[in-house]
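See structure below.
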Amino acid sequence: MKEAADKKILIFNVNWMGDVLFSTAAIRNIRRNFPRGFIACIVPSRCYPVLKGNPNLDEIIIFDEKDRHKGIFRRFEFIRSLRMKGFDIAFLLHRSFTRALICRLAGIPERVGHYTKKRSFLLTKKIFPPPRDSLHRIDYYLDIVERAGLKVEDRYTEFYYSDEDARFVREFLQKNSAGKDDLLVVINPGGNWLSKRWPKEYWAQLSDRLIEDLGAKVVITGGHNDLSLAGQIRERMRFKPIIACGAFNIKQLGALSKEAGVFITADTGPLHIANSVGAKKIIALFGPTSPQITGPYPSKNVVILQKDVGCKIPCYEVKCKDNRCMKAITPDDIIRAIRP
């Protein structure tokens, strides 16, 4: 019979970058409870870079249910591959019925996760979830670990990048005339939800003031799909920013965040990457979401800006018509947060 410390552990993770980052606290605490165990984690391919290089994991397994694992035959191939690995325990951080069923069909004898009526019979350890939006996401995942009978010691997130990533970022900045003595301000104007985005006119006004009043080098970051947004911000500016959309991968974004004197963003994955690497100063713009649920932790280097506009928060209105909660935050608010 296997000793507890030698067991093979599977963590079936969640789907979004920020949430996967929040789960790194749970991963680390599971590792402490199984220091000699083999620990694997399942994530979609888009979240793989978030966990790449994490020393608490022995393996990262990709599960793309809408792509490479779409369809019953591919799904069963995936289940067969899990069965062959011989896992002893599965921690289901996702509330999905499908993921619980996969673990059951893969023959994993212990299956731990939050209870839902549909998947109750698939769990061997049913943990009744806390009330909706009553816990920060970090604590929501740690709740599974702790109530499974494991010891939880801390609750911070982790993100790792290489020396090569850091060198790539420094060379990029040098090529764009951003020196070590310059105030480097990185802005991240994109986001999956349009309702969480700050108006592009505000980004343009803020960037001009940062350049003119503070002598800052302003870098606009994001993915290739944010190039159009960055261009629209640039068109509204009097001064020239450094547009870096698509120039960095996620690891290099972490390195850039560490280099920045100030990192300004809404409630998106890059916010939590910047916080995980210990960015010097972060200004986080919150509108339809709650800092108590999805805010950065720890927040000693973070200024959170959010205005009360009479709406219920969090509202999760992805298609909000007026976006007044984000419009209520002004460039003046951010300038004051940078130099109080």
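What's the local net charge at Q174, with K and R +1, D and E -1, over the other residues with C-beta under 13 Å away? Before the final figure, lay out the partial values.
On the way: positive: R167, R170, K175, K180, K217; negative: E171, D181, D182, E259.
Counting the neighbours of Q174, the net charge comes to +1.
Quick check: Cα centre of segment 56-123 to Cα centre of segment 226-305, how many Å?
So the two Cα centres are separated by 33 Å.
As a test of the formula, what do you get for the chain when each DSSP H run with n ≥ 4 contributes -39,500 (n - 2.57) and the sum is divided by the residue count, at 222 nm and rounded to the nearest 500 deg cm²/dmol?
Values: 14 runs with 125 residues, N = 340.
Estimated from H runs of four or more residues: -10500 deg cm²/dmol.
Take each of the peptides 271-282, 300-311, average the number of other beta-carbon atoms within 10 Å over its residues, and list them starting from the highest. Intermediate values should be presented prior to the final figure.
Working: 271-282: 22.8, 300-311: 14.5.
In descending order of packing, they fall as 271-282, 300-311.
How high is the FRET efficiency from L135 to S45, r the C-beta distance, R0 30 Å, rounded to 0.05? Don't jump to the answer; show the numbers that get you there.
Numbers: r = 28 Å, r/R0 = 0.94.
For L135 and S45, the calculated efficiency is 0.60.
Provide, in order from the shortest bin, the percent of all Cα-Cα pairs of the chain in each 10 Å bin, continuing until the bin that contains the maximum pair distance.
5, 24, 30, 23, 13, 4, 0, 0
Can you tell me the relative contact order of the chain? Whole percent, Cα pairs under 8 Å, sequence separation 6 or more.
Numbers: 629 pairs, mean separation 50.4, N = 340.
The value is 15 percent.
Straight-line reach from K280: which lysines have a Cα under 17 Å away, not including same-chain ones fewer than 8 places off?
K180, K217, K258, K300
Per Stokes-Einstein, at 25 °C and 0.890 mPa s, what whole-number D in µm² s⁻¹ belongs to segment 130-216, with the Kirkwood radius over Cα pairs as the hydrodynamic radius?
On the way: Rh = 17.6 Å.
The calculation lands on 139 µm²/s.
Show which lysines lie in cross-link reach of K126 when reach means a straight Cα distance below 21 angstrom and same-chain residues fewer than eight apart are skipped.
Those lysines meeting the cut-off are K7, K8, K117, K118, K151.
Would you mind telling me the share, in percent, of accessible area of the chain contributed by carbon and sulfur at probe 1.4 angstrom? List each step's numbers first, then the result.
Details: 8160 of 16240 Å².
Here carbon and sulfur together make up 50 percent of the probe-accessible area.
Take the Cα radius of gyration of segment 50-203 and divide it by 2.2 N^0.38 Å, with N its residue count; two decimals is plenty.
On the way: Rg = 21.0 Å, N = 154, 2.2 N^0.38 = 14.9 Å.
Ratio of Cα Rg to 2.2 N^0.38 Å: 1.41.
Sequence neighbours fewer than 8 away in the same chain don't count; with that in mind, list the lysines whose C-alpha is under 19 Å from K196.
Cα-Cα hits under 19 Å: K307, K312, K319, K321, K327.
Going by average Cβ density within 10 Å per residue, which order do the peptides 312-322, 40-50 take, highest to lowest? Don't skip to the end; give the middle numbers.
Details: 312-322: 12.5, 40-50: 20.9.
So the peptides 312-322, 40-50, ranked by packing, come out 40-50, 312-322.
Spin-label point model (7 Å from Cα, Cβ direction): what's the R336 to D322 distance in nm?
It is 2.2 nm.
The values are calculated or read from the model by the stated rules, or taken from the named source; none is laboratory data. Just so it is clear, the structure is predicted and the values come from calculations on it, not from any experiment. Using ideal geometry, Cβ is built from the backbone for each residue, glycine included, and neighbour counts are taken over all protein chains shown. Side chains included, ligands, DNA and RNA excluded: accessible areas come from the protein's heavy atoms. Shrake-Rupley method; radii C 1.70, N 1.55, O 1.52, S 1.80 Å.
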